[in-house]
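Remarks on the structure that follows.
Quick note: the coordinates plus some simple rules give every number you see, no bench work behind them. Model, not experiment: these values are computed from the prediction. FYI the Cβ positions are ideal-geometry reconstructions off the backbone, even for glycines, and counts take in every protein chain you see.
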Amino acid sequence: MIVQLQTKGTYIPKWHGNRALPQAEQIVVYYQRVPLKDKARLLPSPSINFKYDPQGKVTGGDTQIESDHRALIPSMLIRIDNLKYELEDGEHSIVNAKDLFSAPSEFEDLADELGDFFKDELEKKIDEKN
């Protein structure tokens, strides 16, 4: 069986009405899919805690999943095209994860959108019709 997959992709963010802009002005995000060995590291497993009575029987428990989807950005982001901002000291381009995380906090929603998109990409299953 041969399964056809792509190792790289592009994403057009919704952030700030980006998709409504003319194509030449849109922010374009280029990303890569990560190998299976990195998936467990990038997507944390739930922490399960059980509570026991004095006789050792389970009386309840809880599950916690702590995740910062933005942590996926450095591993999956290749580059960003058409994203700049201007401050008193001049114009700044955002072309990679380091630039995005160094940008003003107004870019937080974009980072969240990218993190959520990358998480969805990482959790995708192979189409059985493939």
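A few remarks follow.
- Gln26 sits among other residues whose Cβ lies under 12 Å from its own Cβ, and their net charge, with Lys and Arg +1 and Asp and Glu -1, is 0.
- Working note: Debye formula, equal point scatterers on the alpha-carbon atoms of the chain, no solvent; log10 I(q)/I(0) at q = 0.16 Å⁻¹ is -0.89.
- Sites Asp116 and Thr59 - FRET efficiency at Förster radius 41 Å, r taken between beta-carbons, to 0.05: 0.70
- Highest-fluctuation residue, Glu86, Glu25, Glu113 considered, GNM on the chain with Cα pairs under 10 Å: Glu86
- Calculated FRET value between Asp99 and Lys125, using beta carbons and R₀ = 25 Å, to 0.05: 0.20
- Each stretch of four or more DSSP H residues adds -39500 (n - 2.57); spread over every residue of the chain, this sum gives -6500 deg cm²/dmol at 222 nm.
- With a cut-off of 12 Å between beta carbons, the residues surrounding Lys14 carry a summed charge of -3, where Lys and Arg count +1 and Asp and Glu -1.
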